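Report on the structure given below.
The values are calculated or read from the model by the stated rules, or taken from the named source; none is laboratory data. The structure displayed is predicted, hence computed values, not measured ones. Ideal geometry is used to build each Cβ from the backbone, glycine not excepted, and the neighbour counts take in all protein chains shown. Each accessible area value is taken on the protein alone, full model and side chains, heavy atoms only, with ligands, DNA and RNA left out. Shrake-Rupley method; radii C 1.70, N 1.55, O 1.52, S 1.80 Å.
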Amino acid sequence: MASSEVSMYRDCVLAQKEAIPAIYGDVDFSILPERYVSGVDLANSLPSRYKRYAQSALSDPERVANIRNYTMMGDGVADAYAALIPEYGFRTLVAMLEDACENGIDAVSNAPKELVTFIHAMEATPDWVDMDLVEKGARQERIPLVTISPFAIRGAFIATFMNKYTALPMTMTGTLSDSKSARRVLETASFFTATAMPGAMARFGRGFQAAAKVRLMHSMVRYNIMQSGEWDVATYGIPIPQVDQMPAGLIGIFLLSFKLLGKGRTHFTSAERERVEMARYRCFLLGLPQDLLGETPQEIVDLIMARALSLREEFDDDTCGELVRGTMDAELLDDPSVRGRIHSWMERGFSKYFLIQNFCDGKTARAEEIGIHYRLEDKLATALTILVIIASSGFYTLGMRIPGLRSLLDKKLVNKIASLLDSYGHADFITDASEYKLAAAK
């Protein structure tokens, strides 16, 4: 290996080339991709209220090195299994994985060693995981999943699409630019909702299986795109690298941590710690390394900020705009009842509000530029939705503090989550190379 490769990336990154040549064999690990920028340069252009967080994020050379390395790293065990597509076909790989998750690896006849390694890696629960805290955290997660998520799933899903360097894999797979947008939004909602059910992330829980299938889906995308010869590593790096898994898995506790630091707090309460540990374990199941999972509010904010500061900002309308508009226009739930139509009206209006506040700097004009129109009816829908969210969240939060009422309300929340999962439909978590639009990468 060239000395430049050794000095730029760690051995675990370089090892991908020989371990999984079908995906990484042609990758030049002597370069930094265009998507990766010096965080210091970007930090200087930030609003003053963010600069102090940027300075903290970039203060640790080890943290900066972690972000750089995981920008060029995929999911070793899932990638190795996905590389078996030519031998088994993608549907057989999915079926074997489902069987292994539901019945144990021994139930899979002639299981390939790559599947055995994949399952064993997920079963190897780290010492830092306290499953009691995870279950308590899941109980807390049920409140926002019931009261907020049904209205915010579309808006939150768009985060990946606001930057061309992270959005391109979605464009190339052809799964988010047309009617399939709704399916992917609902699959994402289904995954996070399923992990909050009682026992969902235990070895044979529904969340465990969903995490395994999400990992395989991402690895299949990497395999298919890299096999196509259409992916530009020098520009985009590795498709769906580890650092791009961070926002989805950690956004909730990042926002919590950011809020706490703003109040001068540096530690989580016991209840907050439960939420944090639930999110961290879910990220472990999704394949994220511990290096990317902070423990304290400061560590969590520093990691997310360091990742954000390493990602070159560029919005390309042909890529990003198409995905945003397609997702916002998609019909998520087909419920013709009066209640269903009202919910759809509220959800669509609130999703636009969520997009504007979180990804358009709070500026309606910015949303208009990318084809998202926030009209009076949307504002009315947003106002009603916020009132409903505040009332329902307050009711459950207060009720869960009352010992005699806690168990009854939790059962109610579990039933509501089960209903949500039914409405989201069956989540396949698959990717079919025949649907890809690979010319989009040129």
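Observations
- Failed criterion for Ala367 (all others in (1) crowded, with 19+ Cβ neighbours inside 10 Å; (2) in contact with a Leu (Cβ under 9 Å, 6 or more places away or on another chain); (3) touching a residue at least 24 places away in the same chain (Cβ under 8 Å) hold): (3)
- Per the listing Leu380, Leu376, Leu421, Leu387, the residue uniquely at pLDDT below 95 and not basic (Lys, Arg) is Leu421.
- Only one entry of Leu323, Leu332 meets the criterion of being within 24 Å of the chain's Cα centre (by Cα) and not in a helix (DSSP H, G or I), and that entry is Leu332.
- Filter pass, Thr171 being of a type in the set (S, T, N, Q), open to solvent by less than 20 Å² (accessible area, probe 1.4 Å) and at pLDDT 80 or above: no
- Filtered by the rule that a residue be exposed (fewer than 15 other Cβ atoms within 10 Å of the Cβ) and in a helix (DSSP H, G or I), region 395-411 gives Phe395, Thr397, Leu398, Pro403, Gly404, Leu405, Arg406, Ser407, Leu408, Lys411.
Yes/no per residue for (1) of a type in the set (A, V, I, L, M); (2) under 29 Å from Glu314 (Cβ atoms); (3) not in a helix (DSSP H, G or I):
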residue	(1), (2), (3)
Tyr353	no, yes, no
Asp361	no, yes, yes
Ala367	yes, yes, no
Tyr374	no, yes, yes
Asp378	no, yes, no
Leu387	yes, no, no
Ser393	no, no, no
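- Taking each residue of region 145-158 that is within 13 Å of Ile390 (Cα to Cα) and looking for partners that are hydroxyl-bearing (Ser, Thr, Tyr) and assigned to a helix (DSSP H, G or I) with beta-carbon atoms closer than 6 Å, six or more apart or interchain, yields Thr147/Ser392; Thr147/Ser393; Phe151/Thr385.
- Condition check for Ser337: more than 26 Å from Gln242 (Cβ to Cβ) and touching a Gly at 6+ places or on another chain (Cβ under 6 Å): no
- Helices (runs of 4 or more DSSP H) within region 181-289 that include 3 or more residues crowded, with 17+ Cβ neighbours inside 10 Å and modelled with pLDDT of 95 or more: 206-228, 270-285
- Taken over region 298-352, the criterion of being open to solvent by less than 20 Å² (accessible area, probe 1.4 Å), farther than 26 Å from Glu368 by Cβ and of a type outside the set (Asp, Glu) is satisfied by Ile300, Val301, Leu303, Ala306, Leu309, Ser310, Gly340.
- Within the span defined as region 318-333, every residue fails to be under 26 Å from Lys164 (Cα atoms), touching a strand residue (DSSP E or B) at 6+ places or on another chain (Cβ under 8 Å) and not basic (Lys, Arg).
- Within region 301-326, residues that are of a type in the set (D, E, K, R) reach partners that are open to solvent by 20 Å² or more (accessible area, probe 1.4 Å) with beta carbons closer than 6 Å, at six or more positions or on different chains, in the pairs Asp302/Ser56; Arg312/Val37; Glu314/Lys164; Asp316/Lys164; Glu322/Ser177; Arg325/Gly371.
- Among the residues of region 412-429, those that are in a helix (DSSP H, G or I), open to solvent by 80 Å² or more (accessible area, probe 1.4 Å) and either farther than 14 Å from Pro150 by Cβ or touching an Asp or Glu at 6+ places or on another chain (Cβ under 9 Å) (or both) comprise Lys412, Asn415.
- Qualifying residues in region 144-168 (those that are among the aliphatic types (A, V, I, L, M), open to solvent by 20 Å² or more (accessible area, probe 1.4 Å) and in a helix (DSSP H, G or I)) - the one farthest from Ile240 (Cα to Cα): Val146
- Being surrounded by fewer than 17 Cβ atoms within 10 Å (Cβ to Cβ), touching a Leu at 6+ places or on another chain (Cβ under 8 Å), closer than 29 Å to Ala15 by Cα and of a type outside the set (Lys, Arg) holds for only one residue in Pro112, Pro86, Pro61, and it is Pro112.
- Being in a helix (DSSP H, G or I), in contact with a strand residue (DSSP E or B) (Cβ under 9 Å, 6 or more places away or on another chain) and either among the hydrophobic types (A, V, I, L, M, F, W, C) or modelled with pLDDT of 95 or more (or both) is a description that applies to Leu42.
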